[in-house]
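Structure record follows, encoded as structure tokens.
The values are calculated or read from the model by the stated rules, or taken from the named source; none is laboratory data. Since the model is a prediction, treat every value here as computed from it, not as a measurement. Because the Cβ atoms are built from the backbone with ideal geometry, glycine has one as well, and the counts that use them run over all protein chains shown. Accessible surface is based on the protein model in full, side chains and every heavy atom, while ligands, DNA and RNA are left aside. Shrake-Rupley method; radii C 1.70, N 1.55, O 1.52, S 1.80 Å.
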Amino acid sequence: MRILPIPLVLLILWSGAAAAEPRRYVIDPEHATVAFLVRHIGYASVLASFLKLEGAFTYDHDARTLDDLVVSIDARSVFSNHAARDEHVRGPDFLDSGRNPVIRFVGTRAEPTGDATGRVYGELTVRGTARPVEIAVTRNKMGPYPWGENYVVGISARTTLKRSDFGMTYGLEGDLVGDEVEVIIELEAIRRP
């Protein structure tokens, strides 16, 4: 069984899935993390995450197709465990969340690269700027959840972005804040009846 979903935070399923028709999967916000790492003055990387996100997709097992893959992240929910830094990241120098409160990923296609790995392609919009993104995805596990009656897929996904591609140039001069941002996505998605 294979799966190619999304990210950052990013999902798609293929052969071996339990459903034999298009089925809707919804990201479980209680079991989903979209985090990022960015270098700080070259000393170390700052790890931060977004505390609020939602997303869903439709997957057809027989046709091995993914449709309607959309993930929305509340840009105002960024958290790095440092209040002043978080306010700065929410502001105009970085996410500009006052004018652009939602970070959005819309999947356009996916392709398998192995039994449980693949790539998802789509458009990421940050600060009102949309750019193409490619995300490496791994399906960890798929099946009935140990509690209740949910059927769940677990996903790990990674990508690297340049924040300057989205208009974030603060701190680039002098390498105060790195341009490359490593995005880390860990999530579970629940199949809907």
Per residue value of the accessible surface for region 37-193 (all protein chains in place, 1.4 Å probe), Å²: 54
Pairwise Cα inverse-distance average, inverted: Kirkwood Rh of region 113-157 (Å): 12.6
For the peptides 155-168, 89-102, what is the packing order when you average, over each peptide's residues, the other Cβ atoms within 10 Å and list the highest mean first? 155-168, 89-102
Taking the mean number of other Cβ atoms within 10 Å as a proxy for protection, how do you rank 132-142, 111-121 from highest to lowest? 132-142, 111-121
Please report the base-10 log of the normalised intensity I(q)/I(0) for the chain, using a Debye sum with one equal scatterer per alpha carbon and no solvent, at each q in 0.08 (1/Å). -0.26
Sorted from largest down, what three extents in whole angstroms do the Cα atoms of region 70-180 have along their principal axes? 47, 31, 24
Kirkwood hydrodynamic radius, computed over distinct alpha-carbon pairs, for region 29-120: how many Å, to one decimal? 15.3
For the chain, what does the helix formula give at 222 nm: sum of -39500 (n - 2.57) over DSSP H segments with n ≥ 4, over the residue count, nearest 500 deg cm²/dmol? -1000 deg cm²/dmol
